[in-house]
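Take a look at the structure below.
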Amino acid sequence: MSTGTTKLDVVVSDVVPVNDLVTRFHFRRRDGELLPTFSGGAHVVVEMRDGDRTRLNPYSLMGSPLDTREYTISIRRDDVGRGGSLFMHRSVKPGLEMVISYPVNLFSLDLRAKKHLMLAGGIGITPFMAQTAQLAGGGGNFELHYTCRTASLGTYADVLRERYGNRVRLYHDDREERIDLDRLLSSQPLGTHLYVCGPAGMINWVRDRAASLGWPPETVHFEHFAAPQPGAPFDVELAVSGKTIRVGEQQSLLEAIEAAGVDPPYLCRGGVCGQCETNVISSDGKFIHNDHWLSEEDHRSGCKIMPCVSRFEGKLLVLER
Amino acid sequence: MGITFRKETFRDDFTFKNSPEHIRRFPFPFNEDAYMYAVNIEPHVVGPKGSVLENLIDVDEHYVAEMQDRALVLAEDPLRCQSLPHMTLAGWDLLELLMEQQALGYPEHFTLERNGDRWRWINRPLGIDDTFTFGDTSTLPYGPMEYITRQSQGDFCILDQRDGNLWMDAGMVTTQADWSLDFDIGMNFFEWHAPVPLAHEKGIFTRALKFLTNIQQGKPARRLNWTMTINPRLDTSPENYHKWGPDRATVTPENVGDKVHLRVELQSFWRLPRSNGIVFPIRCYLIKMDELVTQPKWARRLHRVIRDLPEELATYKGLTRYRPTLVDWLSKLDDGSPTSPGFGPD
Ligand code: FES
């Protein structure tokens, strides 16, 4: 079975600045047909041809799943990141032909929930744009709490307030507004599910508090795409394909493997789906595990690595690829 | 041109038959002279013209008769079709999938017209012409899953995906090989495969679950499974064991060719877009020995496969009682010459 996801040929139909940091991109199918239906929380992987590099970054779909004439994603510019968001902001213009993956949902709504309590931080609002649209269409019960640095960086806060009124609560860091999390979590009706998307610190905080207040783990859902972290270059032997590769400073191990012509599986490219799991045949050095998939035990064993986000420092690394 | 639908039964007088063209398109499951367990999952893509894979959802000459049989089963036992409340959206997903695929593959028999949410579905073989609002259950005579699976061959299990597991939360199951939806409904993947006695088998299930939870939209997968059934009975459910179980003692050297049927299940796995669930259609194909052996290659090969089947496997598939009679009968059609590679007839 071929790896990765099924691809869609699209054209950029619009590029809209949303605020100082965020830009929205619209895609339509090149053949004019409808795009595949998706569900709230789904992402697509966008392929960026940046000179001789190909970058593959996942972004949440934020349009309504009820309208598939176009897909929309919003990207926050990261001036110190690896360059994917800068490429999108600088080089992607209406009319550009691009390739994106079919939607994949690793953050789907639990449709058994009596109520959906959503917590968003910053650009973590995007999956909730689609989820709230989906729930509102079906009369679902939800409440969204959204924290942002300043009112002007409250991406789509106005849209959400207009659509859903006081089902949306806003918190601005510069006004020292904080979610009263313990109170919020202890006052929910039975059968509520909790969803959180935002910076890692926020996700950990919410998960911790929910756990200590007795929320069962299966009612707490989170989405965190760890972007691959840059680091010192290192060499890897790929035992199955008989290749030796170098992973550059700004490159992920997965990208380096792909650049060598090997086609390993992936879905999220963010260390959460488990699809890229790879066995380590031998190693001499230190693993920098950045994933949320492997257990701590797996991390300690040094027998497995998630190449989409994890790195290595040392003399020797041989992988079963 | 279109398909000529047969008038036939899968119970009582058992008039089920395959036409000669349908014999040749039968999904014979053995590509060599021995059967081995294998993880035989492959992408579910369109196959050769004239095969059961010509369309991703196959409709064949048994369509009308199978739908009539399903209606009889449901009239006796409505619990063969169940959907937990949170699965309604997945039911709409399935309705869309099946209407789209049937209309695409068989435009002379099925038509789907969409006008925003207003959809019109024409099913000529069953004489249905309904207009409804997509997403609004009150505009259909049944829930969306029941509505469309009363018009689609094969069983359907709809699985909800959550907590890294799959939950059997909806289904239409009337043509199953000895398992029961009413028993499995609401169970997760490990529960409905329990008890799993051996640790290494557990590993297999964990891998299978991982594979299934990673099924992606736009990339369905499939596998074949097989067993044997006495008489062309579609409904071999545990609830009806008293009806079909005793049939196994009725096989004689005189009636083998007519009574013993190879039963092949084409299972496919699809990600549903709105609900993010997985649907698992299990399409059952039956062929009696007399029909199967009209293809000499299949006759020779089936003889070797059944003869050499390990005892535990034969027991597991419930063949023990009549295996000697069947092997004896098939042996007369095996001249010992080699069989060509591949599944198809020569
Ligand atoms: S691609 Fe999802 S964990 Fe690596």
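Coordinate-derived values only; no laboratory data. These numbers come from a predicted model, not from an experiment. Note that we place each Cβ from the backbone using ideal geometry, even for glycine, and neighbour counts take in every protein chain shown.
What the table below lists for this structure:
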quantity: Surrounding net charge for A:P217, when Lys and Arg each add one and Asp and Glu each subtract one, Cβ distance under 11 Å; calculated: -1
quantity: GNM top mover of A:G214, A:G63, A:G81 - chain A, alpha-carbon springs below 10 Å; calculated: A:G214
quantity: Amide H within-cut-off set for B:T9, under 5 Å, with H built and near neighbours excluded; calculated: B:T15, B:F16
quantity: Per-residue mean of C-beta atoms belonging to partner chains within 10 Å, peptide A:195-202; calculated: 0
quantity: Long-range HN-HN contacts of A:K243 with modeled amide H, under 5 Å; calculated: A:L238
quantity: Other protein chain Cβ atoms within 10 Å, averaged over every residue that makes up B:268-274; calculated: 4
quantity: Per-bin percent of Cα-Cα distances, region A:109-155 [10 Å]; calculated: 26, 51, 20, 3
quantity: GNM result for chain B, Cα springs below 10 Å: residue of B:L266, B:L309, B:L181 fluctuating most strongly; calculated: B:L309
quantity: Distance histogram in 5 Å bins (all Cα pairs of region B:1-79, percent per bin); calculated: 3, 11, 16, 19, 16, 15, 14, 5, 0
quantity: Region A:177-321 - Rg (one decimal) and Dmax (whole number), Cα, Å; calculated: 18.3, 58
quantity: D_trans [Stokes-Einstein, Kirkwood Rh over alpha-carbon pairs] for chain B, 4 °C, 1.567 mPa s, µm² s⁻¹; calculated: 61
quantity: From the C-alpha gyration tensor of region A:1-102, square roots of 5λ in Å; calculated: 20, 17, 13
quantity: Debye intensity ratio I(q)/I(0), log10, region B:260-333, q values 0.18, 0.22, 0.25, 0.26 Å⁻¹ (C-alpha model); calculated: -0.77, -1.00, -1.19, -1.24
quantity: Degrees, to the nearest 10: B:296-308 long Cα axis against longest axis of chain B; calculated: 80
quantity: Size descriptor, Kirkwood hydrodynamic radius, that averages inverse alpha-carbon separations across chain A, Å; calculated: 20.8
quantity: Lys pairs under 29 Å by Cα in region B:133-263, provided they are eight or more residues apart or on distinct chains; calculated: 4
quantity: Principal axis box of the protein assembly as shown, alpha-carbon based, largest edge first, Å; calculated: 88, 62, 51
quantity: Selection of GluC sites (Glu not before Pro), region B:1-99, meeting DSSP coil and at most 13 other Cβ within 10 Å; calculated: B:E32, B:E54
quantity: Principal axis dimensions, largest first and in whole angstrom, of region A:87-199 by Cα; calculated: 48, 36, 25
quantity: Residue order, fewest to most surrounding Cβ atoms within 10 angstrom, among A:T68, B:T4, B:T250; calculated: B:T4, B:T250, A:T68
quantity: Chain B: angle of helix B:63-76 to the longest principal axis, Cα-based, in degrees nearest 10; calculated: 80
quantity: Degrees, to the nearest 10: B:88-105 long Cα axis against longest axis of chain B; calculated: 60
quantity: Derived scalar couplings ³J(HN,Hα) [region A:290-296; Karplus, 6.51 cos²θ - 1.76 cosθ + 1.60; whole Hz; x for Gly, Pro]; calculated: 10, 8, 10, 9, 6, 6, 4
quantity: For region A:45-124: Kirkwood Rh in Å [reciprocal of mean 1/r, alpha carbons]; calculated: 14.9
quantity: Cα-based equivalent ellipsoid, region A:237-306: semi-axes from gyration tensor eigenvalues, Å; calculated: 19, 15, 12
quantity: For peptides A:192-198, A:125-131, sequence by mean Cβ density within 10 Å, most packed first; calculated: A:125-131, A:192-198
quantity: Positive-end extreme of charge dipole, chain B - chosen from B:G203, B:L74, B:Q101 (charges on Cβ); calculated: B:G203
quantity: Likely footprinting exposure, B:R323, A:R90, fewest C-beta neighbours within 10 Å first; calculated: A:R90, B:R323
quantity: HN-Hα J in Hz across region B:136-149 - Karplus 6.51, -1.76, 1.60, θ = phi - 60°, x for Gly and Pro; calculated: 10, 4, 5, 8, 10, x, 10, x, x, 5, 5, 4, 7, 7
quantity: Helix-derived mean residue ellipticity, 222 nm - over chain B, DSSP H n ≥ 4, -39500 (n - 2.57), to 500; calculated: -8500 deg cm²/dmol
quantity: Other protein chain Cβ atoms within 10 Å, averaged over every residue that makes up A:137-144; calculated: 1
quantity: B:G154 long-range amide H proximity, modeled H, under 5 Å; calculated: B:C284
quantity: Protection proxy ranking of A:26-35, B:285-294 - average other beta-carbon atoms within 10 Å, highest first; calculated: B:285-294, A:26-35
quantity: Karplus-derived HN-Hα couplings along region A:299-306 (A = 6.51, B = -1.76, C = 1.60, θ = phi - 60°), whole Hz, x at Gly and Pro; calculated: 4, 5, 5, x, 9, 9, 8, 9
quantity: Computed [θ] at 222 nm, deg cm²/dmol, chain A (DSSP H ≥ 4; -39,500 (n - 2.57); rounded to nearest 500); calculated: -5000 deg cm²/dmol
